[in-house]
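Q: Encoded as structure tokens, here's the structure I'll be asking about.
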């Protein structure tokens with residue numbers, strides 16, 4: 001099977017059939033799988049019955065606006081000639097035609113407006129929205145704990161076990177038999193927000209470095225190898241230090257956001273919190289491998305030799321941002337998400353895509369994270385007809401799965417955003433490797449992860465006592481989550 005066909009299949013079923021079990025590389029919950037059967041989302045055979053019970057009714061939807069180069073809107077509201085935009089627009093019009101409803105979507109800023117509007121809605125008791133697209137992590141547990149949303153598992157009309165929902169993601173987010181936001185194919189951020197490591201292929205070739213694609217293929221793409229590449233690329237280039245200057249010329253090995261740190265544990269299968277039989281459990285810090293991972297992270301992101309630049313994230317175009325550093329060709333690697341390829345497609349140098357590295361060659365698979373813009377269907381408790389919301393939420397995910405995803409994979413991700421067959425193949429591996437970080441989903445031990453990240457950025461890997469100091473608080477968080 002050729003690369004493009006193979007990746008089409010991977011993208012079409014990227015989470016529904018991939019192993020997205022809770023991380024922990026030494027457990028039996030991981031393991032890669034490949035898509036079963038030679039079908040794409042455009043070839044869905046299953047018949048779907050669209051309810052006409054709500055003919056003439058308006059479905060009011062609250063969702064974030066496009067952000068961080070990600071496609072967050074469900075209804076793009078007009079055609080523009082862009083293939084993806086128009087596929088999204090037509091999907092919503094198809095939903096309206098088949099169900100006889102009117103989809104009215106309000107789009108607001110994900111961080112500055114959506115949480116406040118959600119809180120005001122619930123506290124007012126007003127029935128203003130049938131569906132809210134809730135972030136998989138930002139405020140997710142806070143809102144769930146305060147009873148803002150219905151438990152989706154109580155509404156079988158949302159067919160969460162079907163391919164148009166991201167069942168393996170949702171299963172991991174289900175704790176104590178409750179799921180408050182169901183991730184599905186209607187929110188493109190569920191792919192856009194998956195982590196991806198960019199690299200400047202032209203720069204690598206000028207440094208006589210082997211392109212890393214084969215290392216990924218043969219399972220030897222590790223953090224130590226990444227560190228070797230970063231050291232080879234670091235160059236003062238006439239500057240007096242590795243300190244950002246807008247008019248400077250030094251080159252770093254890798255650029256990353258200034259809050260980088262504990263999140264790298266996820267790439268190594270060493271999540272702090274995992275889902276064990278429907279319960280959130282503290283597993284981080286229980287093995288020597290966890291502390292070995294901390295040592296590797298500290299030596300990588302805490303390096304002072306130009307191996308890494310930790311830049312601000314207040315605006316991708318602003319000089320000194322971690323994205324701008326990579327785009328200005330002042331770093332060999334750039335840490336980000338799949339979505340950034342949307343803005344990088346016009347760069348005048350060849351870039352490639354890679355998964356984040358393993359801890360060591362013994363690690364059986366790669367792991368990628370999912371950032372907070374990825375959002376799912378949530379039904380606010382102020383909604384007087386949650387069954388209707390579940391039915392419509394299911395239908396829009398089905399139509400997106402059938403009609404939008406082929407365009408997203410074939411046109412946007414492959415034809416427009418990625419520049420070579422190697423990167424397209426890497427994308428398939430990245431999609432197979434995506435898994436949620438439950439410590440972020442349920443905001444468990446956030447004080448600990450912040451403190452841990454700070455130590456790791458300082459190059460300090462002596463973290464055992466830190467976990468001990470936060471353990472009681474983490475256990476209290478777990479008690480709340482497991483008994484909602």
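Quick note: the coordinates plus some simple rules give every number you see, no bench work behind them. Here the structure is a predicted model, which means the values were calculated and not measured. Here Cβ is always computed from backbone atoms with ideal geometry, including for glycine, and neighbour counts include all displayed protein chains.
Q: Just want the ordering: 294, 325, from fewest to most Cβ atoms lying within 10 Å of their own Cβ.
A: If I rank by nearby Cβ atoms, fewest first, I get 325, 294.
Q: Of 216, 392, how do they rank once you tally other Cβ atoms within 10 Å and put the fewest first?
A: The most exposed by this proxy come first: 216, 392.
Q: Just check region 426-484 against the gyration tensor rule for me: Cα atoms, a ≥ b ≥ c as the square roots of the eigenvalues, rounded for a/c under 1.5, and otherwise prolate or oblate depending on whether a/b exceeds b/c.
A: In terms of gyration-tensor shape, oblate.
Q: Counting only DSSP beta bridges with both residues in the chain, tell me the antiparallel percent, nearest 5.
A: Bridges in the chain that DSSP calls antiparallel: roughly 55 percent.
Q: Compute the distance from the alpha-carbon center of region 139-176 to that of region 407-428, in whole Å.
A: Each part's Cα centre sits 30 Å from the other's.
Q: Among 345, 289, rank each residue by its count of other Cβ atoms within 10 Å, from fewest to most, as a rough exposure measure.
A: 345, 289
Q: Evaluate the distance, in nm, between pseudo-label points positioned 7 Å from the Cα of residue 318 and of residue 472 along their respective Cα→Cβ axes.
A: Each label point lies 7 Å from its Cα, and together they span 3.9 nm.
Q: For region 295-334 and region 253-291, what is the separation of their C-alpha centers, rounded to whole Å?
A: 21
Q: Oh, and also: Sort region 332-484 into rounded, prolate or oblate with this rule: let a ≥ b ≥ c be the square roots of the eigenvalues of the Cα gyration tensor; rounded if a/c is under 1.5, and if a/c is not under 1.5, prolate when a/b is larger than b/c, oblate otherwise.
A: oblate
Q: Taking the Cβ-Cβ separation of residue 361 and residue 112 as r and a Förster radius of 30 Å, what is the calculated FRET efficiency to the nearest 0.05?
A: 0.10
Q: Continuing with the same structure: Pairs of Cα atoms under 8 Å, at least six residues apart: use those to get the relative contact order of the chain, whole percent.
A: 27
Q: Another question, if that's okay. Helix 114-124 sits at what angle to the longest principal axis of the chain, using alpha carbons and giving 0 to 90 degrees rounded to 10?
A: The angle comes out near 40 degrees.
Q: Based on DSSP, what percent of beta bridges with both residues in region 185-336 are antiparallel, to the nearest 5?
A: Here the share of antiparallel DSSP bridges comes out near 55 percent.
Q: Right, something else. Return one number: the angle in degrees, 0 to 90 and rounded to the nearest 10, between the long axis of the Cα atoms of helix 464-481 and the longest principal axis of the Cα atoms of the chain.
A: Taking Cα atoms only, the helix is inclined about 0 degrees.
Q: Right, something else. Would you mind checking the tilt of helix 446-457 against the longest principal axis of the Cα atoms of the chain, expressed as 0 to 90 degrees and rounded to 10?
A: Value to nearest ten degrees: 20.
Q: Let me ask you something else. What number, rounded to the nearest 500 deg cm²/dmol, is the helix-based mean residue ellipticity at 222 nm of the chain, given -39500 (n - 2.57) per DSSP H run of at least four residues and division by all its residues?
A: -9500 deg cm²/dmol
Q: While we're on this one: Mind running the shape call on region 211-276? Use the C-alpha gyration tensor, a ≥ b ≥ c as the square roots of the eigenvalues: rounded below 1.5 for a/c, prolate if a/b tops b/c, oblate otherwise.
A: oblate
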